[in-house]
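So the structure is just underneath, and the comments pick up after that.
The values are calculated or read from the model by the stated rules, or taken from the named source; none is laboratory data. Note that the structure is a prediction, hence the values are computed from the model and not measured. Glycine also receives a Cβ, built like all others from the backbone with ideal geometry; neighbour counts cover every protein chain displayed. Just so you know, the surface numbers come from the protein's heavy atoms only, side chains and all, with ligands and any DNA or RNA stripped out. Shrake-Rupley method; radii C 1.70, N 1.55, O 1.52, S 1.80 Å.
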Amino acid sequence: MVGAGAWGTSLALTAARAGRSVRLWAREKEVIEAIVRARENTSFLPGITLPPAIAATADLAEAVNGTEALLIASPAQHLRAALSAVAARAPKGIPLVVCAKGIERPSGKLVTEVLRDVASGFEPAVLSGPSFAKDAAMGMPTAVTIAARAEIAERLQASLSHAMFRPYATDDLIGVALGGAAKNVYAIACGIVDGMGLGESARAALLARSFAELTRLGVALGARPETLTGLSGLGDLVLTATSPHSRNFSFGREIGRGRSIAELREPGQPLAEGADTAPALIVRAHAEHIELPVAEAVASLLDGTLPLQDSIARLMSRPLKPE
(Lines give C-alpha, C1' and ligand atoms only; values in the text may rest on other atoms or scores of the structure.)
Protein backbone atom coordinates (compact mmCIF):
# COMPACT_ATOMS: atom_id res chain seq x y z
CA MET A 1 0.00 0.00 0.00
CA VAL A 2 1.58 3.27 -1.14
CA GLY A 3 0.18 6.28 0.67
CA ALA A 4 -0.89 6.36 4.32
CA GLY A 5 -3.47 9.11 4.35
CA ALA A 6 -6.94 8.31 5.63
CA TRP A 7 -8.00 6.39 2.51
CA GLY A 8 -4.72 4.53 2.07
CA THR A 9 -4.73 3.47 5.71
CA SER A 10 -8.37 2.41 5.49
CA LEU A 11 -7.63 0.28 2.41
CA ALA A 12 -4.66 -1.30 4.18
CA LEU A 13 -7.00 -2.19 7.03
CA THR A 14 -9.53 -3.58 4.54
CA ALA A 15 -6.89 -5.84 3.00
CA ALA A 16 -5.77 -7.01 6.45
CA ARG A 17 -9.37 -7.87 7.38
CA ALA A 18 -9.55 -9.88 4.16
CA GLY A 19 -6.63 -11.98 5.44
CA ARG A 20 -3.76 -10.29 3.60
CA SER A 21 -0.38 -9.24 4.94
CA VAL A 22 0.11 -5.56 4.15
CA ARG A 23 3.10 -3.25 3.98
CA LEU A 24 1.98 0.36 4.32
CA TRP A 25 4.33 3.05 3.03
CA ALA A 26 4.24 6.65 4.22
CA ARG A 27 6.57 9.55 3.55
CA GLU A 28 5.81 11.17 6.91
CA LYS A 29 8.11 9.94 9.68
CA GLU A 30 5.55 10.73 12.38
CA VAL A 31 2.93 8.51 10.71
CA ILE A 32 5.29 5.52 10.68
CA GLU A 33 6.33 6.10 14.28
CA ALA A 34 2.72 6.34 15.47
CA ILE A 35 1.71 3.11 13.71
CA VAL A 36 4.74 1.24 15.05
CA ARG A 37 4.37 2.61 18.57
CA ALA A 38 0.61 2.85 19.08
CA ARG A 39 -0.83 0.80 16.16
CA GLU A 40 -2.75 3.89 15.05
CA ASN A 41 -2.41 6.49 12.30
CA THR A 42 -2.99 9.42 14.61
CA SER A 43 -2.38 11.99 11.87
CA PHE A 44 -4.95 10.82 9.32
CA LEU A 45 -7.17 8.12 10.84
CA PRO A 46 -7.22 8.61 14.62
CA GLY A 47 -9.14 6.26 16.86
CA ILE A 48 -8.77 3.19 14.60
CA THR A 49 -6.51 0.37 15.81
CA LEU A 50 -4.37 -1.24 13.09
CA PRO A 51 -3.69 -4.99 13.37
CA PRO A 52 -0.22 -6.60 13.34
CA ALA A 53 -0.85 -7.73 9.75
CA ILE A 54 -0.11 -4.12 8.70
CA ALA A 55 3.61 -3.29 8.77
CA ALA A 56 4.46 0.41 8.32
CA THR A 57 7.64 1.50 6.54
CA ALA A 58 9.20 4.68 5.16
CA ASP A 59 11.34 2.65 2.75
CA LEU A 60 9.55 2.43 -0.59
CA ALA A 61 11.80 -0.36 -1.88
CA GLU A 62 10.93 -2.44 1.20
CA ALA A 63 7.21 -1.68 0.75
CA VAL A 64 7.07 -2.93 -2.83
CA ASN A 65 9.53 -5.82 -2.62
CA GLY A 66 7.91 -9.18 -3.35
CA THR A 67 4.37 -7.83 -3.30
CA GLU A 68 1.60 -9.43 -5.37
CA ALA A 69 -0.30 -6.17 -5.96
CA LEU A 70 0.13 -2.52 -5.07
CA LEU A 71 -2.58 -0.06 -4.16
CA ILE A 72 -1.58 3.58 -4.80
CA ALA A 73 -3.43 6.18 -2.73
CA SER A 74 -1.49 9.34 -3.58
CA PRO A 75 -3.54 12.46 -4.45
CA ALA A 76 -4.26 12.75 -8.15
CA GLN A 77 -1.99 15.76 -8.70
CA HIS A 78 0.97 13.85 -7.21
CA LEU A 79 0.13 10.52 -8.80
CA ARG A 80 2.59 10.70 -11.71
CA ALA A 81 5.56 11.15 -9.36
CA ALA A 82 4.34 8.39 -7.04
CA LEU A 83 3.81 5.94 -9.89
CA SER A 84 7.22 6.72 -11.38
CA ALA A 85 8.88 5.95 -8.06
CA VAL A 86 6.89 2.74 -7.66
CA ALA A 87 7.50 1.56 -11.24
CA ALA A 88 11.24 1.86 -10.76
CA ARG A 89 11.17 -0.50 -7.75
CA ALA A 90 8.18 -2.86 -7.96
CA PRO A 91 8.19 -6.32 -9.59
CA LYS A 92 7.15 -5.93 -13.23
CA GLY A 93 3.79 -7.30 -14.28
CA ILE A 94 1.97 -6.99 -10.96
CA PRO A 95 -1.30 -5.02 -10.71
CA LEU A 96 -0.94 -1.34 -9.83
CA VAL A 97 -4.28 -0.22 -8.44
CA VAL A 98 -4.84 3.53 -8.51
CA CYS A 99 -7.07 4.60 -5.63
CA ALA A 100 -6.92 8.35 -6.32
CA LYS A 101 -9.86 10.33 -7.72
CA GLY A 102 -9.05 13.20 -10.05
CA ILE A 103 -7.79 14.39 -13.42
CA GLU A 104 -4.21 15.52 -13.91
CA ARG A 105 -3.48 19.19 -14.50
CA PRO A 106 -2.64 20.49 -17.04
CA SER A 107 -2.78 17.37 -19.24
CA GLY A 108 -6.45 16.54 -18.66
CA LYS A 109 -5.53 12.86 -18.30
CA LEU A 110 -7.49 10.40 -16.21
CA VAL A 111 -5.57 8.62 -13.45
CA THR A 112 -5.57 5.41 -15.49
CA GLU A 113 -4.02 7.25 -18.43
CA VAL A 114 -1.29 8.61 -16.17
CA LEU A 115 -0.72 5.04 -15.03
CA ARG A 116 -0.28 3.86 -18.61
CA ASP A 117 2.14 6.72 -19.28
CA VAL A 118 4.60 5.89 -16.52
CA ALA A 119 4.03 2.23 -15.67
CA SER A 120 3.33 0.42 -18.93
CA GLY A 121 4.97 -2.79 -17.72
CA PHE A 122 2.30 -3.38 -15.06
CA GLU A 123 -1.33 -4.48 -14.96
CA PRO A 124 -3.41 -1.25 -14.79
CA ALA A 125 -6.30 -1.11 -12.34
CA VAL A 126 -8.40 1.49 -10.55
CA LEU A 127 -10.54 1.30 -7.39
CA SER A 128 -13.34 3.79 -6.80
CA GLY A 129 -16.85 4.09 -5.42
CA PRO A 130 -19.04 5.70 -2.76
CA SER A 131 -16.77 5.30 0.24
CA PHE A 132 -15.61 7.46 3.12
CA ALA A 133 -12.34 6.31 4.66
CA LYS A 134 -13.63 6.32 8.22
CA ASP A 135 -16.76 4.32 7.36
CA ALA A 136 -14.69 1.56 5.77
CA ALA A 137 -12.12 1.66 8.57
CA MET A 138 -14.84 1.31 11.22
CA GLY A 139 -16.17 -1.78 9.45
CA MET A 140 -19.36 -0.18 8.14
CA PRO A 141 -20.86 -1.78 5.00
CA THR A 142 -19.04 -0.40 1.95
CA ALA A 143 -19.18 -1.29 -1.74
CA VAL A 144 -16.73 -0.14 -4.43
CA THR A 145 -15.79 -0.95 -8.01
CA ILE A 146 -12.46 -2.38 -9.14
CA ALA A 147 -11.66 -1.99 -12.83
CA ALA A 148 -8.95 -4.00 -14.56
CA ARG A 149 -8.51 -6.76 -17.11
CA ALA A 150 -11.19 -9.32 -16.19
CA GLU A 151 -8.86 -11.91 -14.65
CA ILE A 152 -6.98 -9.27 -12.65
CA ALA A 153 -10.18 -7.56 -11.47
CA GLU A 154 -11.50 -10.87 -10.16
CA ARG A 155 -8.26 -11.57 -8.29
CA LEU A 156 -8.26 -8.12 -6.70
CA GLN A 157 -11.93 -8.48 -5.86
CA ALA A 158 -11.23 -11.71 -3.99
CA SER A 159 -8.17 -10.25 -2.26
CA LEU A 160 -10.03 -7.27 -0.74
CA SER A 161 -13.47 -8.70 -0.06
CA HIS A 162 -14.63 -9.33 3.49
CA ALA A 163 -17.98 -9.34 5.32
CA MET A 164 -18.35 -5.55 5.31
CA PHE A 165 -16.40 -4.59 2.18
CA ARG A 166 -17.84 -5.66 -1.16
CA PRO A 167 -15.89 -4.90 -4.37
CA TYR A 168 -17.59 -5.27 -7.75
CA ALA A 169 -15.45 -6.08 -10.80
CA THR A 170 -15.43 -4.50 -14.26
CA ASP A 171 -12.99 -3.98 -17.11
CA ASP A 172 -14.22 -0.41 -17.78
CA LEU A 173 -11.23 1.57 -16.50
CA ILE A 174 -12.32 4.76 -18.26
CA GLY A 175 -15.78 4.80 -16.69
CA VAL A 176 -14.53 4.11 -13.17
CA ALA A 177 -11.72 6.68 -13.39
CA LEU A 178 -13.96 9.39 -14.84
CA GLY A 179 -16.78 8.86 -12.35
CA GLY A 180 -14.41 9.13 -9.39
CA ALA A 181 -12.90 12.34 -10.75
CA ALA A 182 -15.89 14.28 -12.06
CA LYS A 183 -18.12 13.72 -9.04
CA ASN A 184 -15.80 15.89 -6.92
CA VAL A 185 -16.38 18.88 -9.21
CA TYR A 186 -20.14 18.43 -9.08
CA ALA A 187 -20.02 17.97 -5.30
CA ILE A 188 -18.47 21.44 -5.05
CA ALA A 189 -21.34 22.81 -7.17
CA CYS A 190 -23.96 21.16 -4.94
CA GLY A 191 -22.18 22.48 -1.85
CA ILE A 192 -22.29 26.01 -3.27
CA VAL A 193 -26.05 25.73 -3.83
CA ASP A 194 -26.48 24.52 -0.25
CA GLY A 195 -24.26 27.27 1.16
CA MET A 196 -26.17 29.95 -0.76
CA GLY A 197 -29.43 28.66 0.71
CA LEU A 198 -31.03 28.06 -2.69
CA GLY A 199 -33.11 25.10 -1.51
CA GLU A 200 -33.23 21.36 -1.98
CA SER A 201 -35.13 21.60 -5.28
CA ALA A 202 -32.24 23.54 -6.80
CA ARG A 203 -29.72 21.06 -5.45
CA ALA A 204 -31.67 18.09 -6.84
CA ALA A 205 -31.90 19.74 -10.26
CA LEU A 206 -28.19 20.53 -10.23
CA LEU A 207 -27.33 16.97 -9.22
CA ALA A 208 -29.41 15.56 -12.07
CA ARG A 209 -27.87 17.90 -14.65
CA SER A 210 -24.42 17.13 -13.28
CA PHE A 211 -24.96 13.44 -13.86
CA ALA A 212 -26.13 14.19 -17.40
CA GLU A 213 -22.84 16.02 -18.01
CA LEU A 214 -20.78 13.21 -16.55
CA THR A 215 -22.61 10.70 -18.74
CA ARG A 216 -22.18 12.81 -21.87
CA LEU A 217 -18.42 13.06 -21.43
CA GLY A 218 -18.11 9.44 -20.34
CA VAL A 219 -19.80 8.12 -23.46
CA ALA A 220 -17.57 10.32 -25.62
CA LEU A 221 -14.49 8.85 -23.93
CA GLY A 222 -15.69 5.28 -24.40
CA ALA A 223 -17.07 4.54 -20.92
CA ARG A 224 -20.00 2.16 -20.65
CA PRO A 225 -23.35 3.64 -19.51
CA GLU A 226 -23.84 0.88 -16.94
CA THR A 227 -20.56 1.86 -15.28
CA LEU A 228 -21.64 5.50 -15.08
CA THR A 229 -24.96 4.53 -13.46
CA GLY A 230 -23.18 2.20 -11.03
CA LEU A 231 -21.25 2.59 -7.81
CA SER A 232 -18.27 4.47 -9.23
CA GLY A 233 -20.45 6.93 -11.16
CA LEU A 234 -23.91 7.80 -9.87
CA GLY A 235 -23.32 6.10 -6.51
CA ASP A 236 -20.20 8.10 -5.72
CA LEU A 237 -21.77 11.31 -7.05
CA VAL A 238 -24.80 10.98 -4.76
CA LEU A 239 -22.64 10.37 -1.69
CA THR A 240 -20.11 13.11 -2.37
CA ALA A 241 -22.61 15.74 -3.52
CA THR A 242 -25.05 15.36 -0.61
CA SER A 243 -23.03 14.58 2.52
CA PRO A 244 -21.63 17.22 4.92
CA HIS A 245 -18.81 14.73 5.57
CA SER A 246 -17.65 15.13 1.96
CA ARG A 247 -14.62 17.42 1.70
CA ASN A 248 -15.70 18.65 -1.73
CA PHE A 249 -19.31 19.34 -0.72
CA SER A 250 -18.10 21.14 2.42
CA PHE A 251 -15.60 23.16 0.35
CA GLY A 252 -18.39 24.30 -1.96
CA ARG A 253 -20.74 25.05 0.91
CA GLU A 254 -18.17 27.36 2.49
CA ILE A 255 -17.79 29.18 -0.85
CA GLY A 256 -21.57 29.56 -0.99
CA ARG A 257 -21.52 31.03 2.51
CA GLY A 258 -19.04 33.66 1.39
CA ARG A 259 -15.64 32.38 2.45
CA SER A 260 -12.80 33.14 0.05
CA ILE A 261 -11.38 30.39 -2.13
CA ALA A 262 -7.85 31.51 -1.22
CA GLU A 263 -8.62 30.94 2.47
CA LEU A 264 -10.14 27.53 1.83
CA ARG A 265 -7.07 26.43 -0.13
CA GLU A 266 -4.49 27.51 2.42
CA PRO A 267 -2.01 24.86 3.66
CA GLY A 268 -3.56 22.75 6.40
CA GLN A 269 -7.09 23.00 5.03
CA PRO A 270 -8.82 19.72 4.04
CA LEU A 271 -7.95 18.61 0.50
CA ALA A 272 -10.79 19.13 -1.98
CA GLU A 273 -9.62 17.30 -5.11
CA GLY A 274 -12.43 18.83 -7.14
CA ALA A 275 -10.77 22.24 -7.01
CA ASP A 276 -7.86 20.94 -9.10
CA THR A 277 -10.00 18.58 -11.13
CA ALA A 278 -12.45 21.25 -12.36
CA PRO A 279 -10.12 23.02 -14.82
CA ALA A 280 -8.61 19.69 -15.92
CA LEU A 281 -12.09 18.30 -16.55
CA ILE A 282 -12.87 21.28 -18.78
CA VAL A 283 -9.63 20.77 -20.73
CA ARG A 284 -10.61 17.17 -21.39
CA ALA A 285 -14.20 18.06 -22.32
CA HIS A 286 -13.09 20.74 -24.76
CA ALA A 287 -10.76 18.25 -26.42
CA GLU A 288 -13.79 16.02 -26.99
CA HIS A 289 -16.04 18.96 -28.04
CA ILE A 290 -18.37 18.26 -25.11
CA GLU A 291 -20.21 21.03 -23.24
CA LEU A 292 -20.19 20.85 -19.42
CA PRO A 293 -22.03 23.99 -18.24
CA VAL A 294 -22.09 23.09 -14.55
CA ALA A 295 -18.42 22.08 -14.44
CA GLU A 296 -17.46 25.16 -16.43
CA ALA A 297 -19.28 27.39 -13.93
CA VAL A 298 -17.40 25.74 -11.06
CA ALA A 299 -14.05 26.17 -12.83
CA SER A 300 -14.82 29.84 -13.54
CA LEU A 301 -15.83 30.43 -9.93
CA LEU A 302 -12.62 28.86 -8.70
CA ASP A 303 -10.36 30.88 -10.99
CA GLY A 304 -12.14 34.13 -10.11
CA THR A 305 -13.58 34.90 -13.54
CA LEU A 306 -17.20 34.28 -12.48
CA PRO A 307 -18.62 36.07 -9.40
CA LEU A 308 -20.59 33.82 -7.08
CA GLN A 309 -23.84 35.75 -7.47
CA ASP A 310 -23.63 35.50 -11.28
CA SER A 311 -23.12 31.74 -11.40
CA ILE A 312 -26.77 30.72 -10.97
CA ALA A 313 -27.92 33.35 -13.47
CA ARG A 314 -25.49 31.91 -16.03
CA LEU A 315 -26.91 28.40 -15.67
CA MET A 316 -30.57 29.46 -15.48
CA SER A 317 -30.32 31.69 -18.55
CA ARG A 318 -28.99 29.01 -20.89
CA PRO A 319 -31.12 28.39 -23.98
CA LEU A 320 -34.18 26.23 -23.38
CA LYS A 321 -33.91 22.76 -24.89
CA PRO A 322 -35.20 19.18 -24.51
CA GLU A 323 -33.86 17.17 -21.61
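Quick notes on this structure:
- Scanning segment 76-120 for residues that are in contact with a Ser or Thr (Cβ under 6 Å, 6 or more places away or on another chain), in a strand (DSSP E or B) and not hydrophobic (A, V, I, L, M, F, W, C) yields no hits at all.
- Residue match in segment 127-145 (condition: closer than 30 Å to Ser84 by Cβ, among the aromatic types (Phe, Trp, Tyr) and in contact with a Ser or Thr (Cβ under 6 Å, 6 or more places away or on another chain)): no
- When Ala202 is tested against (1) within 20 Å of Ser131 (Cβ to Cβ); (2) at pLDDT below 95, exactly one condition is not met: (1).
- Filter result for the condition that a residue is under 13 Å from Ala189 (Cβ atoms) and among the charged types (D, E, K, R), over Arg284, Arg259, Arg265, Arg314: Arg314
- Among the conditions (1) hydrophobic (A, V, I, L, M, F, W, C); (2) open to solvent by less than 10 Å² (accessible area, probe 1.4 Å); (3) touching a Leu at 6+ places or on another chain (Cβ under 7 Å), the only one that Ala133 does not satisfy is (2).
- Of all residues in segment 75-108 being among the basic types (Lys, Arg) and either touching a residue at least 40 places away in the same chain (Cβ under 8 Å) or in contact with an Asp or Glu (Cβ under 6 Å, 6 or more places away or on another chain) (or both), the one that is least open to solvent (accessible area, probe 1.4 Å): Lys101
- Among the criteria (1) farther than 20 Å from Ala18 by Cα; (2) part of a loop (DSSP other than H, G, I, E, B); (3) of a type in the set (A, V, I, L, M, F, W, C), the one Leu50 does not fulfil is (1).
- Taken together, the residues in segment 219-232 that are over 21 Å from Lys321 (Cα atoms) and either open to solvent by less than 40 Å² (accessible area, probe 1.4 Å) or in a helix (DSSP H, G or I) (or both) amount to 9.
- Here Arg259, Arg203, Arg253, Arg216 are screened, and the one residue that is of a type in the set (Lys, Arg), within 24 Å of Ala313 (Cα to Cα) and part of a loop (DSSP other than H, G, I, E, B) is Arg259.
- Segment 147-169, subset touching a strand residue (DSSP E or B) at 6+ places or on another chain (Cβ under 7 Å) and charged (D, E, K, R), residue nearest to Gly129 (Cα to Cα): Arg166
- Any hit, segment 145-165, residues being surrounded by fewer than 23 Cβ atoms within 10 Å (Cβ to Cβ), in a strand (DSSP E or B), small (Gly, Ala, Ser) and touching a residue at least 24 places away in the same chain (Cβ under 8 Å): no
- In the set (1) buried (at least 17 other Cβ atoms within 10 Å of the Cβ); (2) out of contact with any His (no Cβ under 8 Å at 6 or more places or on another chain); (3) assigned to a helix (DSSP H, G or I), the condition left unmet by Arg23 is number (3).
- Considering (1) within 18 Å of the chain's Cα centre (by Cα); (2) open to solvent by 70 Å² or more (accessible area, probe 1.4 Å); (3) of a type in the set (Ser, Thr, Tyr), the lone condition that Ser201 does not fulfil carries the number (1).
- Subset of segment 233-291 that is under 25 Å from Ile146 (Cα atoms) and among the basic types (Lys, Arg) - its residue that is surrounded by the fewest Cβ atoms within 10 Å (Cβ to Cβ): Arg247
- Within segment 299-312, being in a loop (DSSP other than H, G, I, E, B) and open to solvent by 40 Å² or more (accessible area, probe 1.4 Å) holds for Asp303, Gly304, Thr305, Pro307.
- Members of segment 313-323 found to be open to solvent by less than 90 Å² (accessible area, probe 1.4 Å), closer than 18 Å to Ala208 by Cβ and in a helix (DSSP H, G or I), listed by number: Leu315
- Conditions (1) open to solvent by less than 40 Å² (accessible area, probe 1.4 Å); (2) at pLDDT 95 or above; (3) under 26 Å from Met316 (Cβ atoms); (4) in contact with a helix residue (DSSP H, G or I) (Cβ under 7 Å, 6 or more places away or on another chain): number failed by Glu296: (1)
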